[in-house]
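The values are calculated or read from the model by the stated rules, or taken from the named source; none is laboratory data. Only a predicted model underlies this, so the values are computations on that prediction, with no experimental measurement involved. Here the Cβ positions follow ideal geometry from the backbone for every residue, glycine too, while neighbour counts run over all protein chains shown. To get the accessible areas, we keep the full protein, side chains included, count just its heavy atoms, and leave off ligands, DNA and RNA. Shrake-Rupley method; radii C 1.70, N 1.55, O 1.52, S 1.80 Å.
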Amino acid sequence: MALFPGPDSPAYRAWSAVADVVILNALTLAGCLPVVTAGASLTACARVAGQMAADDAPAVLATWWRSFRLNLRQSLAWWLPVLVLAALGAWEYLVLADGVPADQYAGQPGDLGSATGAVSGLVLAGGALLAAILIWLLPLAAFFDASLVRHLSNAARLAVGRLGITVICLVIVIAPVGVLWALPSMGAAVLWFMVLIGPAFQSYLIALLQRSTIAALAVGARTSPHPNRPQ
């Protein structure tokens, strides 16, 4: 019996996959540190995770860096507006939810308390819709060469047309926040999870769910007279 597992053994492949996820997560977090480049970093992460989900065994560093460079300029066109919308949405939700006690408006004309709750709900719904579109925008931008308008249009259609997958992907994205909210004592564990494997592991799970859809789109792109050219 060999002391160490061979490269074709399940144990070796499992450890190799874990190492790739850790490296991918470190690259992604480093790419997100300047904030403005986070869109390109997340797109590159989606590229590597998608290839891992398809069993393509990518060279993590080289693949991530190539995708990061290729998508940096286009990512700025959508990531900066996303940052602004996210900041405004978070500020508005915090102000509406925590700024004024609900009973202060009780009984006043128009029931401003109910209106405040409705606006808070709209802010949350808008955030969920934005996240749903981004879940599909990242792999589309990572794997296909097309204009931003076309990517956004396709991402919106997929978010609705693949609603079940979209919902599961949203659950994967918000799971760490949900754990932190439900179990505040798990804060340190959630932080270590995010630092070690978090975004990359989440991207890999999402890529597994989206794998068949992205593969079908790639086949269609090669046969369409007006294709989104695969990168």
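Listing for the model above:
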{"quantity": "Stretch gain in nm, segment Ala125-Asp145, where the contour uses 0.36 nm per residue and the Cα spacing is subtracted", "calculated": "4.2 nm"}
{"quantity": "Cα-projected label distance for Val171 with Leu208, points at 7 Å along beta-carbon direction, nm", "calculated": "1.4 nm"}
{"quantity": "Label-to-label distance, nm, for residues given as Glu92 and Ala218 (7 Å Cα→Cβ offset)", "calculated": "3.9 nm"}
{"quantity": "Label-to-label distance, nm, for residues given as Met186 and Leu85 (7 Å Cα→Cβ offset)", "calculated": "2.9 nm"}
{"quantity": "Residue order for Thr37, Thr28 - accessible surface, 1.4 angstrom probe, largest first", "calculated": "Thr37, Thr28"}
{"quantity": "Shape call, the range 18-102: gyration tensor on alpha carbons, a/c limit 1.5", "calculated": "prolate"}
{"quantity": "Under 5 Å, built H, 5+ apart or other chain: amide partners of Asp145", "calculated": "Arg229, Gln231"}
